[in-house]
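Presented below is the structure to which this report refers.
The values are calculated or read from the model by the stated rules, or taken from the named source; none is laboratory data. Computed from a predicted model, the values in this text were never measured in an experiment. Every residue, glycine among them, receives a Cβ derived from its backbone with ideal geometry; neighbour counts consider all protein chains shown. We work out accessible area using only protein heavy atoms, side chains counted, and drop any ligands, DNA or RNA first. Shrake-Rupley method; radii C 1.70, N 1.55, O 1.52, S 1.80 Å.
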Amino acid sequence: MKVLIVGSGGREHAIAASAAKSSRVDKIYCAPGNAGIGELAECVPIGPMEFEKIVAFARENEIDLTIVGMDDPLVGGLVDELEKAGLRVFGPRKNAAILEGSKAFSKDLMKKYNIPTAAYENFESPGEAMAYLEKARFPIVLKADGLALGKGVLICQNLEEAREGVKSIMLDRQFGPAGNKLVIEEFMQGREVSVLSFVDGRTIRTMTSAQDHKRAGDGDTGLNTGGMGTFSPSPFYTAEVDAFCREHIYQPTVDAMAAEGREFKGIIFFGLMLTEEGPKVLEYNARFGDPEAQVVLPRMKNDMIDVMEACIDGRLDEIGLEFEDNAAVCVVLASAGYPVEYEKGFVIRGLDSFKDKEGYYCFHAGTKRVGEDIVTNGGRVLGITAKGRDLMEARTNAYRAAEWVDFDNKYMRHDIGKAIDEA
Ligand code: AMP
Ligand code: GLY
């Protein structure tokens, strides 16, 4: 079969690598892709928001399955457009992708269906938000309602910071229309875990757990980024936590979406915080996490295409997910200055070191081919993933492999997976 993947990051490279392993896949296209994806797929110069062009391409090339990796096209309704054209597509429709697209929606859903999450209020007026803050307890969390590249969350220590936050989100529109509404939320403490799942509208199958490192600097300092590294599984995600989440979070979320007439098919990513009061939902995403996908997919034993087709056809109940009994760590190699300002266009050396190395992966995020060279083309450049028998070994392997490649302004965190020492 012919598969089209929409997106251009490390996540889409990991999806492409899993698709390439499927015995059923003959040809992979990626719109727009990147230099690394180009080794597995034919990259086509169509942007993820160019819906008409994507639909036309899928029709003309008789694509059997389109996989939408990114949040923007999902929230914007690309799946609906492809379906209208009679094409097969993996991902939630627009009315279900709102689970990620609007934090106010997802908070209201959780409240209505008793799914554990932080206490909150939604605001459409900056004046009312300011008045609420006068009486609030600090720290407190402000969240822009819409998509903001993982950066629309502000943790405010006092009233002054919170007032500044309301101003920048709602008045200065730092995150654009994402700031039309604001969620003000109770500050929670605990360990974070990401659990990704396949959903067919009714049935949910969770994947192995992972943990992301969102801050730019070692020791969780600096600005929030898209993610600087991940490890899987999380040693803090115990059988007890899993049992609680199954009963109170996972299936209830799928059932709530169905009850609202917003049947969810695709990936639900549960961002959880393990608080003293039990696990609570921090956020939902309607897609694979990046870089979570880069540690979870390489450990999955199932044929990913089979699982995606079962989701589309509503027969996920026939499938059991299986993961390797090992661990994986991903260290992101970024451009110094990310997530604020950074230079691009530097030649990447040493990429051949990954050829034929079992258990090692070099997933491309911001890269581009220029003549014979592959050059840096983004803030996050590469995701270096390694497997190991356990987390310690995977971490050692990943950091060793992170030295195989080099480029000017290469930057990485040195403490990805350090939390496992505390487990
Ligand atoms: P989100 O995009 O909602 O996952 O938020 C980004 C990051 O902000 C999360 O990964 C947490 O580290 C932090 N965060 C979000 N909400 C809260 C909260 N209610 N309490 C404490 N930290 C939070
Ligand atoms: N790594 C977090 C995300 O994909 O949203």
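Just to confirm my numbers, what's the Cα centroid distance between region 194-210 and region 238-304 in Å? When both Cα centres are located, 5 Å separates them.
Beyond 31 Å, the tail of the calculated P(r) for the chain holds 37 percent of the Cα pairs. In the structure shown, the pairs Lys151/Lys280; Lys111/Lys280; Lys103/Lys344; Lys151/Lys181; Lys94/Lys181 are assessed against 22 Å; a Cα-Cα span above that value is assigned to Lys103/Lys344. Annotation: amide H of Phe90 within the under-5 Å range of Thr66, Ile67, Val68, sequence separation 5 or more or interchain, hydrogens built in the peptide plane. Translational diffusion coefficient of region 227-355 (Stokes-Einstein, Kirkwood radius from Cα pairs, 4 °C, 1.567 mPa s): 73 µm²/s. Annotation: amide H of Gly383 within the under-5 Å range of Leu333, Phe363, His364, Ala365, sequence separation 5 or more or interchain, hydrogens built in the peptide plane. Under 5 Å between amide hydrogens, built in the peptide plane, is the criterion, and for Asp408 it picks out Val347 among residues at least 5 positions away or on other chains. Evaluated at q = 0.14, 0.17, 0.21 Å⁻¹, the base-10 log of the normalised Debye intensity for region 194-248, with identical point scatterers placed on the Cα atoms, takes the values -0.50, -0.67, -0.85. Straight-line cross-link reach from Lys357 at under 22 Å between alpha-carbon atoms covers these lysines, not counting any fewer than eight positions away in the same chain: Lys21, Lys301, Lys387.
Calculated on C-alpha atoms, the gyration radius of region 375-423 divided by its Kirkwood radius gives an Rg/Rh of 1.01. The alpha-carbon positions of region 127-278 define a convex hull whose volume is 143 Å³ per residue. As a size descriptor, the averaged projected area of the C-alpha convex hull of region 33-73 was calculated at 3.1 nm². Take the Cβ atoms of Lys418 and Lys112, set R0 to 45 Å, and the FRET efficiency comes out at 0.70. Converting phi to 3J(HN,Hα) with the Karplus coefficients 6.51, -1.76 and 1.60 and the offset θ = phi - 60°, region 233-250 yields x, 8, x, 8, 8, 7, 4, 5, 4, 4, 4, 4, 5, 4, 6, 9, 10, 5 Hz in sequence order, with x at every glycine or proline. Taking 0.36 nm per residue of sequence separation and removing the Cα-Cα distance, the Glu247/Glu276 pair yields an extension gain of 8.6 nm.
Using DSSP to define loop residues, name the trypsin sites (Lys or Arg not before Pro) in region 332-415 whose beta-carbon has at most 14 other beta-carbon atoms within 10 Å. Answer by residue number: Lys355, Lys357, Arg389. The per residue volume of the convex hull around the alpha-carbon atoms of region 332-385 is 67 Å³.
Between Ala119 and Lys344, the modelled label-to-label distance comes to 4.5 nm, taking each label 7 Å out from Cα in the direction of the beta carbon. Sites listed here are trypsin sites (Lys or Arg not before Pro) in region 236-343 whose DSSP assignment is loop and whose Cβ has at most 16 other Cβ atoms within 10 Å: Lys301, Arg315.
Stretched out straight at 0.36 nm per residue, the stretch from Asn158 to Lys21 would grow longer than its current Cα-Cα span by 44.2 nm.
Solvent-accessible area assigned to carbon and sulfur over the chain amounts to 46 percent, based on a 1.4 Å probe.
Taking only the Cα atoms of region 354-398, the radius of gyration and Dmax are 12.9, 40 Å. Among the GluC sites (Glu not before Pro) in region 315-368, those placed in a DSSP loop whose Cβ has at most 11 other Cβ atoms within 10 Å are Glu322, Glu341, Glu343, Glu358.
Which pairs in the list Lys53/Lys368; Lys355/Lys410; Lys107/Lys167; Lys112/Lys265; Lys167/Lys418; Lys84/Lys368 are over 29 Å apart, alpha-carbon to alpha-carbon? In this structure, Lys167/Lys418; Lys84/Lys368 lie more than 29 Å apart at Cα.
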